[in-house]
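First the structure, in the form of structure tokens, and then the observations on it.
The values are calculated or read from the model by the stated rules, or taken from the named source; none is laboratory data. Worth saying up front: this structure is predicted, and the values here are computed from it rather than measured. Cβ sites come from the backbone with ideal geometry, for glycine too, and all protein chains shown count toward neighbours.
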Amino acid sequence: MQNIEYNREFKESFRKIALPVALQNMLFISLNFVDSLMVGRLGQAEFNAVGLGGQYYFLINLFVVGTASASLIYMSQYFGNDDLVGYRKASGLAVISCFIIGLIAALLAISIPAKIIAIFSKDQAIIDYGVKYLSIVGLQLPIMGITLPLAMSSRAARNAKLPLVISAISLVANTLLNYILIFGKLGMPAMGVSGAALATLSSSALGLLLYIIIINATDNPLRAPLKAFFKIDKAFVVKVYKTGWTVVIHECLWSLGISLFIVILSRLRTDGYTAYRIAAQFTRFEFIFAMAISSSASVTIGQLLGRKDIDKALAYERKYAKTQVAINVVVSILIVFITYALVDLFNVSAAIKRDAIYMAIALCIFLPFKAYSGMQAAGILRAGGDTKLPVFFELVGTYFVDVPVLYLLLTYTKLPSPTIIFFASSGAILTSILLYRRVKSGKWAKNLISDC
């Protein structure tokens, strides 16, 4: 009887959180894939420039994700305990902190775009196009610093439909604006990479406007006087970031590791980077399911821990882990076939297309390991406030395996790029083993709000 109840609640958590997040991710990745194709039609230099300009956005985005996630730990547990005062306080702290980060990042993107792009590439054509892109898209960062924590706050309250609806509208607008502004349709001038940046900025502003309108027009737990989000005392800030500072460090160091990987590849083998970026457009489809399951696990287990239902939280962890691995094995196989079928859509040489297919195969071998590790480190363990050891475990694979292997093989061998990418992605196995052992110990399952 207990198993029947567990299965019912588990499926309900999937329906309310995982499915809307999966749909949101599918829209995001599919439309971004179309955007990449549009930019890719302009040429290899433009394609690489937008990718490298986007790498700066990626860095800041994960910094914001880490900062908001520190509060998300408390949002989920407060909401699970029916404490709206605490929930709104944690949400307010997330928005304030993330907006400040986005504002500082925007000032850097506007004032020194050439220096930022030059970190990733020494090709002057790529730098020139990258400056055009980053100096505009950088203005979007403060907006992202508000909308991203609002989306996370909604999911913590088991309302994943709101971010889904807003993302759908914003992403469709972004794709249409990309088509109009990049190629100069409907009487607009052809703006190339600048058009892609302006489309991103405009659609992000639309998303923020929609959040404000919908939250204030519906019975949303975030609908409250502004002062409810600013009742933040020093003791609360210290408590949140005492638990969550490692989450922020984790996201920052992990994103820096990925960016270092890109810097090495793009500076030492430009064609290899182009092939890698094409392959990545396809392998990103794995995140449709990986992030959805991870989000569902984080919120559901966080709420169970908030109610001090430790045994059920441990049981759900096992269910989520099995589901994550099984789904991502199937998805990885499908991605290989999709890459082979669609790679000709990119305007690059036959050699780069061939390498992109082989790189997709290499990356897909490790995708189930990455999906499992991401869910455990950023979802389940974090939900219980276990943030220190998972940070170390995730960074071991990146900094002690992937990055050094990539550099050594590119510098001292003439191996084909896909072979190098295969060996430089193997750190995911080590990380998975370390995280599995930590989760199995059960030491992570804790209630954090009893003394808040």
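Among the candidates Arg318, Arg269, Arg307, single out the residue that is within 25 Å of Leu410 (Cα to Cα) and of a type in the set (D, E, K, R).
Numbers: Arg318 fails: within 25 Å of Leu410 (Cα to Cα); Arg307 fails: within 25 Å of Leu410 (Cα to Cα).
Result: Arg269 is the single residue among Arg318, Arg269, Arg307 that is within 25 Å of Leu410 (Cα to Cα) and of a type in the set (D, E, K, R).
Within the bounds of the range 263-273, is there any residue that is closer than 30 Å to Ile214 by Cβ and either at pLDDT below 85 or surrounded by fewer than 20 Cβ atoms within 10 Å (Cβ to Cβ) (or both)?
Here is the first cut: in the range 263-273, the ones closer than 30 Å to Ile214 by Cβ are none.
For the range 263-273, residues closer than 30 Å to Ile214 by Cβ and either at pLDDT below 85 or surrounded by fewer than 20 Cβ atoms within 10 Å (Cβ to Cβ) (or both): absent.
Results for (1) in a loop (DSSP other than H, G, I, E, B); (2) in contact with an Asp or Glu (Cβ under 6 Å, 6 or more places away or on another chain); (3) of a type in the set (D, E, K, R); (4) within 20 Å of Tyr358 (Cβ to Cβ), shown as yes or no for each residue.
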residue: Thr398; (1), (2), (3), (4): no, no, no, no
residue: Val401; (1), (2), (3), (4): no, no, no, no
residue: Val405; (1), (2), (3), (4): no, no, no, yes
residue: Leu409; (1), (2), (3), (4): no, no, no, yes
residue: Leu415; (1), (2), (3), (4): yes, no, no, yes
residue: Ile420; (1), (2), (3), (4): no, no, no, yes
residue: Ala428; (1), (2), (3), (4): no, no, no, yes
residue: Leu435; (1), (2), (3), (4): no, no, no, no
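Checked against (1) at pLDDT 80 or above; (2) surrounded by fewer than 19 Cβ atoms within 10 Å (Cβ to Cβ), Lys89 meets all criteria but (2).
Taking the range 242-269, which residues are under 14 Å from Leu406 (Cα atoms) and in a helix (DSSP H, G or I)? Give the steps one after another, and end with the answer.
First, pick out the residues of the range 242-269 that are under 14 Å from Leu406 (Cα atoms): 257-269.
Selection gives Gly257, Ile258, Ser259, Leu260, Phe261, Ile262, Val263, Ile264, Leu265, Ser266, Arg267, Leu268.
For the range 37-53, how many residues are farther than 30 Å from Ile96 by Cβ and surrounded by 23 or more Cβ atoms within 10 Å (Cβ to Cβ)? Matching residues across the range 37-53 total 8. Residue count for the range 344-391 under the criterion of being surrounded by 21 or more Cβ atoms within 10 Å (Cβ to Cβ) and basic (Lys, Arg): the result is 2.
Which of the residues belonging to the range 172-202 are buried (at least 22 other Cβ atoms within 10 Å of the Cβ), among the small types (Gly, Ala, Ser) and under 23 Å from the mean Cα position of the chain (by Cα)? Scanning the range 172-202 gives Ala196, Ala197, Ala199. Scanning the range 54-65 turns up no residue that is within 17 Å of the chain's Cα centre (by Cα), small (Gly, Ala, Ser) and surrounded by 24 or more Cβ atoms within 10 Å (Cβ to Cβ). Taking (1) surrounded by fewer than 24 Cβ atoms within 10 Å (Cβ to Cβ); (2) at pLDDT below 90; (3) among the β-branched types (Val, Ile, Thr) in turn, Ile73 satisfies each apart from (1). For the range 300-317, a residue qualifies if it is within 20 Å of Arg15 (Cβ to Cβ) and in a helix (DSSP H, G or I), and the qualifying residues are Thr300, Ile301, Gly302, Gln303, Leu304, Lys312, Ala313, Ala315, Tyr316, Glu317. Taking residues in the range 17-29 that are closer than 13 Å to Leu162 by Cα, and partners anywhere that are surrounded by fewer than 19 Cβ atoms within 10 Å (Cβ to Cβ), the pairs with Cβ atoms closer than 6 Å and at least 6 places apart or on different chains are Pro20/Lys161. Among the residues of the range 378-391, none qualifies, meaning not one is aliphatic (A, V, I, L, M), modelled with pLDDT of 95 or more, closer than 20 Å to Thr283 by Cβ and part of a helix (DSSP H, G or I). Residue pairs whose Cβ atoms lie under 6 Å apart, sitting 6 or more positions apart in sequence or on different chains, and linking a residue in the range 117-135 that is under 22 Å from Thr200 (Cα atoms) to a partner that is buried (at least 20 other Cβ atoms within 10 Å of the Cβ) and among the charged types (D, E, K, R), are Tyr129/Glu46. The single condition among (1) over 21 Å from Ala190 (Cα atoms); (2) in contact with a Phe, Trp or Tyr (Cβ under 9 Å, 6 or more places away or on another chain); (3) of a type in the set (Asp, Glu) that Asp83 does not satisfy is (2). Ile365 satisfies every condition listed in (1) β-branched (Val, Ile, Thr); (2) under 16 Å from Pro418 (Cα atoms); (3) free of Cβ contacts under 8 Å to residues at least 12 places away in the same chain except (3). Looking only at residues in the range 299-318 that are under 13 Å from Met75 (Cβ atoms) and among the hydrophobic types (A, V, I, L, M, F, W, C), the one that is surrounded by the fewest Cβ atoms within 10 Å (Cβ to Cβ) is Leu305.
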